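Undergrad: Below is the structure I would like to discuss, written out as structure tokens.
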There are 2 protein chains.
Amino acid sequence: MDHDRLDRARAAVADAALDALLVGPGPDLRYLTGYHAPALERLTLLVVPVAQDPWLLVPALEGARARASGADRIAELIEWDETDDPIALVADRLPGAGALAVSDRLWSVFTLALQSALPGARFHSGSIVLRPLRRIKSADEIDALAAAADAIDRVHADVPELLSPGRTETEIGRDLTERIGETHDEVNFVIVGSGPNGASPHHETGSRVLQAGDAVVVDIGGMLAGYCSDATRNYVLGSPPPGYGALHGVLEQAHRAAVEAVRPGVRAGDVDEAARSVIRDAGYGAAFIHRTGHGIGVEEHEEPWIVAGNDQVIEAGMAFSIEPGIYLPERYGARIEDIVVATDDGVRILNQRPRTLTICA
Amino acid sequence: MDHDRLDRARAAVADAALDALLVGPGPDLRYLTGYHAPALERLTLLVVPVAQDPWLLVPALEGARARASGADRIAELIEWDETDDPIALVADRLPGAGALAVSDRLWSVFTLALQSALPGARFHSGSIVLRPLRRIKSADEIDALAAAADAIDRVHADVPELLSPGRTETEIGRDLTERIGETHDEVNFVIVGSGPNGASPHHETGSRVLQAGDAVVVDIGGMLAGYCSDATRNYVLGSPPPGYGALHGVLEQAHRAAVEAVRPGVRAGDVDEAARSVIRDAGYGAAFIHRTGHGIGVEEHEEPWIVAGNDQVIEAGMAFSIEPGIYLPERYGARIEDIVVATDDGVRILNQRPRTLTICA
């Protein structure tokens, strides 16, 4: 764990004229402390005040897990018992707080209770503090993302042997889950969209049986040493269905155009437009129904958002997906996705698998 | 899906003098609509207004999944595009709202944005509306919980053959995950606490290698047809460690006492005390570090909380765990857990596996 993160967060809390940052379970907590806390009905909350050292409130039941994460070495661990009121504990330690920020994923049941217990405080989004920290990756973080990308590339290398007519998406998904588990610390998601299911970008897996001639979108990701992987490739069983080869060629071009658009100083929306214009010019504009990409780090989806109209300026150290897709309902879909990092003078692509359509025998 | 639930929720919204209930991804949404929406940075929100029919706002990208759940048959589906502002869409449709309730798990980033966009509204916890509905189970819900309990009992029946000296908790956990997957629709959690790891109630699995003479706490759960299972049993590899047999005997007594205390009209805190007093009298009071149980349904942990001091009165149809535990740090732990349902005149235990210590050869 990079202990400086908590110091930098505290400085950012002061700069934003806040009294404290309150961080519940989720990627912000993991980023700041290394503690991968479960989101429970029992409150876990890291408090980063300007005027005190940081402290981490955990249910006594979770004390062992919190200590095992090492979080107690960078924040005072305060355990609350089953019959304590954790909200009152927080409020008592923040008397007179006027401006607080809460992490984006804190559940409303806690947000509303904190608002009631601290009626004098204004509540702000924690991302005003954490977003600028999290969206620029350090060299260590980029190494971790590259290692995760390499791990998911190795899983994609195994995909062709798993795809065969007669198998269901669910069976293939189970095998992929196992292989991600072998190469990563955690499995984040597995999408196997065969035939028409490929036209639903967030289809996971289902009972559909693969057939010869199917196009199959495989989008998989896991977590390795606290950082996420995320990569999509397209496969066909035997001969591609009519039109699919041409569509895939357009997508390869769009992907390349977006990657080549990445460098410090361009806007996120420009990167989106680089992919989108290729797809639009080829006549598939209406079939590219999502943004071109999302940031990635301790979280699968985080800033920056590579979406039309986003004026966010790309800076060196930003890591994000480039994943244009084309979806033809009831027929098939395709998406090519790599993780890239903006460098001082351009871009580094972390995923190395060929982006061409893979024909499975 | 029981379509009446949405009608009953709407009536409860009116009774509570609210203008609308706003429900994000999570168990409340699943309970009301059957839609198991992913919690994403893109807003999904069910709105149950008093003055309009219910509507479900989803990112366009999730439209197919939302429709596949059938949620569009009970609420108008409104899809927002990548460049729309979903918060503004909600605010525009709730002009002049004065009192709103939001589901407990809605992320703060959405809660705070809704508060900003609807400055005239007071925000309340959605549980004031949903808690009374969700905590009394219908006959169908009890059937579903019983089916889930039966499924997890079948996994516990397989545990002895998985435990053997030389295997790691992680390996055993992987096997259990697979068996839960075979008997349920989803795996919720797997705890294999061997030896001293058993003394940390929420330990999941780790690299520890099982040894002859280990006590092992196995606490597992999944979801079947939308309802959760959760059951804990204790196993030993060969001869129990010194003192473990006696400790387990106390726990069996405590478990029985709590189950026998369950009937309509008693308070949740009384059920807790029934287990706790047995453990306290045996000299292990300080080692029972958690509440006696939690409600269960579409969510693993929900109301009622079987915890000291809780004056909640038990009613027929409430379903919850009874799970006293005794934890001796650095030595071992034990917990016995079943799901029970309060009936008109007593209690029904849904799990059927023997509660005695299982000796694995």
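Undergrad: Would you list B:Tyr227, A:Tyr284 from the most to the least accessible area, probe 1.4 Å?
TA: A:Tyr284, B:Tyr227
Undergrad: Compute the length gained on full extension between A:Ala17 and A:Asp85: take 0.36 nm times their separation in residues and subtract their Cα-Cα distance, giving the result in nm to one decimal.
TA: 21.7 nm
Undergrad: B:Gly285 label points, 7 Å along Cα→Cβ, one per copy: pairwise distances from this copy to the rest in nm, shortest first?
TA: Listed shortest first, these distances are 7.5 nm.
Undergrad: Something else: For the protein assembly as shown, what is the mean residue ellipticity at 222 nm derived from helices alone (per DSSP H run of n ≥ 4: -39500 (n - 2.57); sum divided by total residues; nearest 500 deg cm²/dmol)?
TA: -10500 deg cm²/dmol
Undergrad: While we're on this one: Could you work out how far apart the two model spin labels at B:Arg280 and A:Glu178 are, taking each label as a point 7 Å from the Cα in the direction of the beta carbon, and quote it in nm?
TA: 5.1 nm
Undergrad: Could you tell me the convex hull volume per residue, in Å³, taken over the Cα atoms of region A:217-324?
TA: Convex hull volume per residue, Cα atoms: 100 Å³.
Undergrad: Residues of region A:6-44 losing 50 Å² or more of accessible area relative to the isolated chain, 1.4 Å probe, heavy atoms only?
TA: Residues passing the criterion (a loss of at least 50 Å², heavy atoms only) are A:Glu41.
Undergrad: Determine the per residue accessible area of region A:190-297 with all protein chains present and a 1.4 angstrom probe, expressed in square angstrom.
TA: Per residue, region A:190-297 has 31 Å² of solvent-accessible surface.
Undergrad: I've got another one for you. Please find, in a Gaussian network model of chain B (springs between Cα atoms separated by less than 10 Å), the residue of B:Ala146, B:Ala257, B:Ala16 whose mean-square fluctuation is greatest.
TA: Ranking B:Ala146, B:Ala257, B:Ala16 by mean-square fluctuation puts B:Ala16 first.
Undergrad: Next up: Which net charge results when you count Lys and Arg as +1 and Asp and Glu as -1 among the other residues whose beta-carbon is under 15 Å from that of A:Glu330?
TA: Result for the neighbourhood of A:Glu330: +2.
Undergrad: Now for a different question. Please give the residues from region A:61-86 for which the solvent-accessible area of heavy atoms, probe 1.4 Å, is smaller by at least 30 Å² with all protein chains in place than with the chain isolated.
TA: Correct list: A:Leu61, A:Arg65, A:Glu82, A:Thr83.
Undergrad: Using r as the Cβ-Cβ distance of B:Asp311 and A:Arg93, and R0 as 30 Å, what FRET efficiency do you calculate, to the nearest 0.05? Spell out each step's value before the answer.
TA: On the way: r = 28 Å, r/R0 = 0.92.
Rounded to the nearest 0.05, the efficiency is 0.60.
Undergrad: Sticking with this structure for a sec: Ordering B:Ile152, B:Ile349 by how much accessible area each has at a 1.4 Å probe, largest first, what is the list?
TA: Descending order: B:Ile349, B:Ile152.
Undergrad: Now for a different question. So the label point sits 7 Å from Cα along the Cα-to-Cβ vector; using that for B:Glu171, what distances do you get to the other copies, in nanometres, sorted shortest first?
TA: 2.8
Undergrad: In chain B, if every C-alpha pair distance is counted and binned at 20 Å from zero, what percent goes to each bin?
TA: Once binned at 20 Å, the Cα pair distances of chain B give 28, 50, 21, 1.
Undergrad: State the percentage of accessible surface on region B:31-161 attributable to carbon and sulfur atoms; use a 1.4 Å probe and exclude ligands, DNA and RNA.
TA: Numbers: 2400 of 4890 Å².
Accessible surface attributable to carbon and sulfur in region B:31-161 totals 49 percent.
Undergrad: Give me the accessible area buried between chains B and A, both sides summed, with a 1.4 Å probe, in Å² rounded to the nearest 100. Mind showing how you got there, number by number?
TA: Numbers: alone 14750 and 14750 Å², together 26610 Å².
That pair of chains buries around 2900 Å² in total.
Undergrad: Counting only other chains, what is the mean number of Cβ atoms within 10 angstrom of the Cβ of each residue in peptide A:109-120?
TA: 4
Undergrad: Further question on the same structure: May I ask which residue of chain A has the beta-carbon nearest to the axis carrying chain A onto chain B, and at what distance in whole Å?
TA: Reported as residue, whole Å: A:Thr111, 3.
Undergrad: Report in % the part of the accessible area of region A:214-301 that belongs to carbon and sulfur, leaving out ligands and nucleic acids; probe 1.4 Å.
TA: Details: 1390 of 2590 Å².
Carbon plus sulfur share of accessible area: 54 percent.
Undergrad: Taking Cα centroids, how far is region A:142-218 from region B:157-232 in Å?
TA: 26 Å
Undergrad: Something else now. Ordering A:Arg10, B:Arg30, B:Arg122 from largest to smallest accessible area (1.4 angstrom probe), what's the sequence? It would help to have the intermediate numbers written out before the result.
TA: Details: A:Arg10 70, B:Arg30 40, B:Arg122 155 Å².
Descending accessible area places them as B:Arg122, A:Arg10, B:Arg30.
Undergrad: With every protein chain kept in place and ligands, DNA and RNA left out, what is the accessible area per residue of region B:44-137? Probe 1.4 Å, answer in Å².
TA: 39 Å²
Undergrad: Still on this model: Take the Cβ-Cβ distance between A:Thr343 and A:Trp55 as r, set R0 to 41 Å, and report the resulting FRET efficiency rounded to the nearest 0.05.
TA: 0.60
The values are calculated or read from the model by the stated rules, or taken from the named source; none is laboratory data. What you see is a predicted model, and the numbers here were worked out from it, not measured in a lab. Positions of Cβ are backbone-derived with ideal geometry, glycine not excepted, and every protein chain shown enters the neighbour counts. These accessible areas exclude ligands, DNA and RNA; they are computed on the full protein's heavy atoms, side chains included. Shrake-Rupley method; radii C 1.70, N 1.55, O 1.52, S 1.80 Å.
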